[in-house]
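The values are calculated or read from the model by the stated rules, or taken from the named source; none is laboratory data. Bear in mind the structure is a predicted one, so any value in this text is a computation, not a measurement. Cβ placement follows ideal geometry from the backbone for every residue including glycine, while neighbour counts extend to all protein chains displayed. Side chains are part of the model used for accessible areas, which takes the heavy atoms of the whole protein and leaves out ligands, DNA and RNA. Shrake-Rupley method; radii C 1.70, N 1.55, O 1.52, S 1.80 Å.
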Amino acid sequence: MTPSPLSRRGLLASAGAATAATLVGAGAASASAPSNGRGSAALVFHNARVFTGRPGSAPAEAVAVGRDGTILATGSSASVRRHAGRDTEVVDARGNTVMSGIHDGHVHPLGAGERSLRPSLGSAETTVAELTALLTGFLADTGGAGAEPDGWLVVEDWNPVGLLPTGTAPHHAMLDALPTRRPVVLVGGDGHNLWANGRALDIAGITAATPDPVGGKVVRGADGQPTGVLKDDAQDLVKRHVPEPSTDELVAACAKVLESAAASGVTTMMDALVGRHELELYRALSAAGKLPQRIVPAIRLDAGQAKDPTASLAYARGLRREFEGVRGLRFGMIKVFLDGVIEYPAQTAALLEPYLDGAGKPTTNRGELYTSAADYGRLSAAFNASGWQMHAHGLGDRAVRTALDGYEYARRVTGCKDARNTIAHLQIVDPADLPRFARLGVAVCMQLQWASRDTWTMEALLPYIGPRRHRWMYPARSIEKAGARLTGGSDWPVDALQVWNQLRTAIDRQGAFGEGELYRELEGLSRDSALRMHTSGTAWQLRQEGLTGTVEAGKAADLVLLDRDVTRCPVADIGDTGVRMTLVGGRVVHDADSEAGRAASARARRARSAPRPASYAAVHGGRHHACGH
């Protein structure tokens, strides 16, 4: 038995030869493998604190991984040692946690890759003068030969609520004052807002007469003219004119961010916004051997498609037929946006009661509901009857109720009692709806790194919804107590990928960067609940609980070895967790001892130490370059 890092990497590369099969399904594994020869384990973790994810399971301190990529056994070090042969790699966990890999139930990894090719504002709050200085620097950095006058400047991670003084509204005139004739676009870090200068509006043909597209809004001033801000599906009016990076550039960038995800312990992802472009990129990544995670693509339908279930079903089936042979992908999920975002000044999340004016008085604005309950119900029924799952962006309480109403209709019409439809985000939930999640078997996919006291939840929200509704922000424990399944997602790259701070915040409702706790006593989860939410809970959401999500014999060896015991360390220390090794189907996709692993670990470490920037200082001072993930 040889514990050297070199031996580990060489042996596990051969042990992962069966990974192609395990990415499709896990076969049965023997619980009594011989101690020598081909039936012995490829790898044994010992001296570990194994979090099996199975409630009531006996404590374990060792895991044996078979050569077919499945888990052979868990238990005491002595009982598992019999699975070790002469060439089995034995890894000392040093008392730290071995557990299921993280399952990210709502993420946009290819978007993270594409964003990494462009300069970033880091979601900072800035004055107009400070923003002008930053953008002038970006213009200089991207101002190679031929950039003027037609080279687009696209800047990522603009903070739609971040212009100072608070309440300053973005207008294309501010961008028109930049020393350039180039089209300039600032893409909101929330994914729901875009700010364009006058040249970009002209290229897109956006005028006062341009109608709002279905599911989007062209923001206009008091004079009826477009301000340059485009919301949700209106963003495409400009985005369709922006030149795309080359496939080679995208593959390289996405491969790098997927390595970072593996270094953060992520083994399965549900890509929550997929069309032909994304599927072609996944095919290229898979063909290049650069797709380390299992991917469940959620085919996105726009608000217009949501009104035509028959055509939408044909569209989704066509994409599945074309791309289902791509190794690493598993189809069966549909994504629909029901509303937008809740923070001031966007306020496009759909609410049951109107937003307040900031001084406590109701307005006439209840946000934007992009698809009615009737349309969503018919759409859900058509897809559920054909074996597909639905995944709704539902952020405001009216959007959440709309999704529940749609799922209830689909259940009644189809008789499908295990559709496992999902609602994601659930920033505000009306307490009257709490019992419905469990009754309808709906997966509740929450991004609990947002559940802390900060600018986003306090200054940009509390005055505009009032304390009664504010108390029901991200009501994780209330939903859990009502019997529903909690699942986890990062929504990366809306935020940096900070998997372990995400788990920490689910427990203490403050996290590494919060200014205080957000209803911890009412809505904070137990440690076990937070861990299961991001492993077995999300595996259930994605219909792969028979394959992954818990550590037990016969399941695929999608495992992580951590640098601490997250089952017993102080809660505040969970957020700084590092990942020593990540396996998918028994194949090592991250090894912190390797050269590539050290680089990926460093990127993951930088990501988990970077808060949501709230000031100009976060991006000022020479940061005029493309963001490197």
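Looking across the range 511-537 at every residue that is hydrophobic (A, V, I, L, M, F, W, C) and buried (at least 24 other Cβ atoms within 10 Å of the Cβ), the one that is farthest from ASP271 (Cα to Cα) is identified as LEU518. Of the residues making up the range 85-123, those that are open to solvent by less than 30 Å² (accessible area, probe 1.4 Å), of a type in the set (A, V, I, L, M) and at pLDDT below 95 are ALA112, LEU121. Between LEU258, LEU279, LEU273, the distinction of being aliphatic (A, V, I, L, M), touching a helix residue (DSSP H, G or I) at 6+ places or on another chain (Cβ under 8 Å) and in a strand (DSSP E or B) belongs to LEU273 only.
Filtering LEU461, LEU434, LEU379 for residues that are touching a residue at least 12 places away in the same chain (Cβ under 8 Å) and open to solvent by 10 Å² or more (accessible area, probe 1.4 Å) leaves a single hit, LEU434. Residue by residue through the range 377-396, note down the ones that are closer than 15 Å to GLN447 by Cβ and among the hydrophobic types (A, V, I, L, M, F, W, C). Matches in the range 377-396: ALA392, LEU395.
Taking the conditions (1) closer than 29 Å to GLU125 by Cα; (2) open to solvent by 40 Å² or more (accessible area, probe 1.4 Å) in turn, CYS445 satisfies each one other than (2).
Here's the yes/no breakdown for (1) under 21 Å from ASP430 (Cα atoms); (2) open to solvent by less than 10 Å² (accessible area, probe 1.4 Å); (3) not in a loop (DSSP other than H, G, I, E, B):
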position	(1), (2), (3)
ALA306	no, yes, yes
LEU319	no, yes, yes
GLU322	no, no, yes
PRO345	no, no, no
ALA359	no, no, no
GLU368	yes, no, no
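The single condition among (1) out of contact with any strand residue (DSSP E or B) (no Cβ under 9 Å at 6 or more places or on another chain); (2) hydrophobic (A, V, I, L, M, F, W, C); (3) open to solvent by 10 Å² or more (accessible area, probe 1.4 Å) that ALA592 does not meet is (1). Residue by residue through the range 557-611, note down the ones that are of a type in the set (S, T, N, Q) and over 22 Å from PRO493 (Cα atoms). Passing the criteria: THR567, SER594.
Summed over the range 538-582, the residues that are under 25 Å from GLY332 (Cα atoms), small (Gly, Ala, Ser) and open to solvent by 10 Å² or more (accessible area, probe 1.4 Å) give a count of 2. Within the range 54-90, the residues that satisfy the criterion of being under 19 Å from ARG532 (Cα atoms) and either assigned to a loop (DSSP other than H, G, I, E, B) or over 31 Å from the mean Cα position of the chain (by Cα) (or both) are ARG54, PRO55, GLY56, SER57, ALA58, PRO59, GLU61. Please find, within the range 194-231, the residue that is farthest from ALA349 (Cα to Cα) out of those that are free of Cβ contacts under 8 Å to residues at least 24 places away in the same chain and β-branched (Val, Ile, Thr). Among those residues, the one meeting the criterion is THR207. Looking at GLU521, GLU545, GLU480, just one residue is within 25 Å of ASP418 (Cβ to Cβ) and without any contact (Cβ under 8 Å) to a residue 40 or more places away in the chain, and that residue is GLU545.
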